[in-house]
Amino acid sequence: MKPMSRITIIISQFAFVLAVVYGLYIVIHGHLTPGGGFQGGAILASAVAMVLVAFGEKDIKSLLPQKLDVVYVALGVFMFLSIAFLIIIPEGAKIEGSVFASIYNAFAGPGGLFGYQTPIGPNDGYLNTGGIVSVKSVITGLEVIAALYIILKVMFWAENDVLSKDESGLMNSGGDHNA
Amino acid sequence: MNKSIKLIVLVFLAAVLLAGFMMVRPFGQLEYSDMDDYYLDHAQQETGSNNIVTSVVYDYRGFDTLGEATVLFGTAVGMLALFRGVPR
């Protein structure tokens, strides 16, 4: 795929920064505002897709990871699995009435990462609350961005392969990448 | 013959869907709202999450979300396997 015009490349760089910040915000604030891991990961992946389409194949190899993406997606699933299965209710655990639903929310309460006690009732929404819900949201965001990036990258390779084999211009008639 | 069958099917489908649409309850007036009331009343103190949708997705129905994540993982691995011969 050929790179698009210079205007598109410059504007896509600015918009990439904004989209990444917004996607990280959506992922991290999953326990406070609408959104969460899946939605924020989709925003991050669409930012990556925008940059991939704008840059073509030219400079993209230095910008994005090439080898570790499978590790990230496997890590996301594995961490989600381990949190889902390892933190079941401990025997004789004291449930203080604030941190128990279907799994034992061991991270909420004692402090630490996302660990402060959530105020009951309407409140301002403190970021450092939520416990396991927030951690799982972030892990899901990691897994979604990795998986969608793998899909994008593989389809990008395939299109490059098709375009390099097809010199007669059959697939090139879309007009999107002729800038 | 063919056209009349299509017409009959169309009229039947339209009648069924219109009947279903007529029987929809007004917005906000649920018949059974026990589950919703439970979530609204207890989700914050049970899961520690202000966002009740997130508490349902990641805590009450966490295994469903685990299945979604596994589906996404399978999709990524399947794409890699499908395009394994493509030069990078």
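Annotations
- R0 of 45 Å, Cβ-Cβ distance B:Met35-A:Lys2: FRET efficiency to nearest 0.05: 0.25
- Farthest positive-ward along chain B dipole, Cα basis, beta-carbon charges - from B:Tyr38, B:Met23, B:Leu7: B:Leu7
- Per residue, the convex hull volume that the Cα atoms of chain B enclose (Å³): 224
- Pairing chain B with chain A buries about 3200 Å² of accessible area. This figure sums both sides and uses a 1.4 Å probe.
- For the range A:124-165, the fraction of alpha-carbon pairs lying more than 13 Å apart is 66 percent, rounded to a whole number.
- Candidates B:Ala15, B:Ala69, B:Ala43: whichever shows maximal mean-square fluctuation once chain B is modelled as a Gaussian network with Cα springs under 10 Å: B:Ala15
The values are calculated or read from the model by the stated rules, or taken from the named source; none is laboratory data. If you're wondering where the values come from, they're calculated on a predicted model, not measured in any experiment. FYI the Cβ positions are ideal-geometry reconstructions off the backbone, even for glycines, and counts take in every protein chain you see. Ligands, DNA and RNA are stripped out before the accessible areas are found, and what is left, the full protein with its side chains, is counted by its heavy atoms. Shrake-Rupley method; radii C 1.70, N 1.55, O 1.52, S 1.80 Å.
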